[in-house]
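The values are calculated or read from the model by the stated rules, or taken from the named source; none is laboratory data. Everything numeric here is computed off the predicted structure, so don't read it as measured data. As a convention, Cβ positions derive from the backbone with ideal geometry for all residues, glycine included, and neighbour counts pool all protein chains shown.
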Amino acid sequence: MDISQLPRSLQVLVHSGITLSTEMCSILKASLTILQKENRFKRTYFWGQILGIDADYYIAYGYENDILQERIFYYSLNGEDWLRLQKPKKPNFYLTSISSTRFQGDPSLRLPIFDDAPTSFFSQNAERGAGDQQKQVNSNNIEPVDMSLPTTECYELKEEDRLACTVQQINQEACVIPRGALIKRINCRVVPNEAFKGLDWDEATRLQSYFHFRVPLQKWDKNLTYRRDGDYSLDFMDPICIDVPSEGECWSLRINAANIIILQNAYWPGLTFYHKIKTSDFGCIYIGSGIKNLDVPFMLQ
């Protein structure tokens, strides 16, 4: 959500339960403007707020040249002082996925994470490496069966690392942008499309018109097949209609009385996207606990 449109965007989303105080809006707008000038970003955006028990995390990002490849994220506990959010490491993604407690609000806090899975992520990788070096088989060529009970392993995860993984995961799965809002130039840089005038009624009511705000996971020719009038400079991103469950059942799309499209994701309660039809006004924000709803497949039956 562009910081220049933050107060107006929050007024649009107030009916969806998304709001910030007027004082906090002023603080965020002033501090993020300073952050943009200090880091020489072309634009700075307010990403959202992850609610904690003792304190909340305010998340923002900016970019220099490419809005997809070069996004740099920051977090703050008071909306004024911003610290850079480091890129998450792969092992921390697994620990984040099995952590079900709420954020505390202390970046230096080390959380105990208990892994009681039959085969954990770490032991599986260790066994795979050991198996390449040595394979034990008995005299009858029958592999021995391990009859021991699974053990519960305990790991430590810093809350700052968990925050980075959560933000990255929400970006990959839930952040949305309308078709045409971004354009891919000849030099392969992705930038905001200044000629974007908004979606019409027909386009705005279809999930094919909304893309994941991430680096595409599918090949470019695959994404072009979802539209008859496909344009590579506009349709290079993954549409949300391909999400599991099929046909975008994890997305809720509705239109309010002011001709504004509201999109919400069932996996991440608190993620809300809006777009005013036939205008360039749109935004996406997350305000929630940072815990993924894993019961979606059972809720849709």
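Tabulated values for the structure
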| read-out | value |
| --- | --- |
| Test set (1) free of Cβ contacts under 8 Å to residues at least 12 places away in the same chain; (2) at positive phi - I34 fails condition number | (2) |
| Within region 80-100, considering residues that are loosely packed, with under 13 Cβ neighbours inside 10 Å and within 20 Å of the chain's Cα centre (by Cα), the one nearest to G290 (Cα to Cα) | S100 |
| Filter pass, R185 being basic (K, R), closer than 20 Å to Q69 by Cα, surrounded by fewer than 21 Cβ atoms within 10 Å (Cβ to Cβ) and touching a Ser or Thr at 6+ places or on another chain (Cβ under 9 Å) | yes |
| Near pairs, Cβ below 7 angstrom, 6+ apart or cross-chain, from region 290-301 (under 28 Å from A55 (Cβ atoms)) to any residue that is among the small types (G, A, S) and exposed (fewer than 10 other Cβ atoms within 10 Å of the Cβ) | I291/S100 |
| Qualifying residue in region 231-242 (condition: surrounded by 14 or more Cβ atoms within 10 Å (Cβ to Cβ), in contact with a strand residue (DSSP E or B) (Cβ under 8 Å, 6 or more places away or on another chain), small (G, A, S) and touching a residue at least 24 places away in the same chain (Cβ under 8 Å)) | no |
| Subset of region 219-243 (residues that are under 15 Å from I177 (Cβ atoms) and either in a loop (DSSP other than H, G, I, E, B) or of a type in the set (K, R) (or both)) | S233, L234, D235, F236, M237, D238, D243 |
| Breaking point among (1) touching a Ser or Thr at 6+ places or on another chain (Cβ under 8 Å); (2) surrounded by 15 or more Cβ atoms within 10 Å (Cβ to Cβ); (3) part of a loop (DSSP other than H, G, I, E, B), for E203 | (3) |
| Test: residue in region 30-44 that is aromatic (F, W, Y) and crowded, with 21+ Cβ neighbours inside 10 Å | no |
| Residue in region 67-79 that is without any contact (Cβ under 8 Å) to a residue 60 or more places away in the chain, surrounded by 17 or more Cβ atoms within 10 Å (Cβ to Cβ) and polar (S, T, N, Q) present | yes |
| Close pairs (7 angstrom Cβ cut-off, 6 or more residues apart or separate chains): without any contact (Cβ under 8 Å) to a residue 60 or more places away in the chain in region 39-62, among the β-branched types (V, I, T) and in a strand (DSSP E or B) anywhere | D56/I50; A60/T44; Y61/I72; G62/T44; G62/I72 |
| Residue among A55, A60 that is aliphatic (A, V, I, L, M), more than 12 Å from W82 (Cβ to Cβ) and touching a Leu at 6+ places or on another chain (Cβ under 9 Å) | A55 |
| Which numbered condition I291 fails, given (1) part of a helix (DSSP H, G or I); (2) surrounded by 14 or more Cβ atoms within 10 Å (Cβ to Cβ) | (1) |
| Criterion (within 26 Å of Y58 (Cα to Cα), among the aliphatic types (A, V, I, L, M) and crowded, with 19+ Cβ neighbours inside 10 Å) met by exactly one of V190, V215 | V190 |
| Enumeration of residues in region 244-269 that are assigned to a loop (DSSP other than H, G, I, E, B), touching a residue at least 40 places away in the same chain (Cβ under 8 Å) and buried (at least 17 other Cβ atoms within 10 Å of the Cβ) | C250, Y267, W268 |
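The rows are residues; the columns are (1) at pLDDT below 95; (2) farther than 27 Å from I291 by Cα; (3) of a type outside the set (D, E); (4) not in a helix (DSSP H, G or I).
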| site | (1), (2), (3), (4) |
| --- | --- |
| L6 | yes, no, yes, no |
| S9 | yes, no, yes, no |
| L35 | no, yes, yes, no |
| W47 | no, no, yes, yes |
| D54 | no, no, no, yes |
| Y74 | no, no, yes, yes |
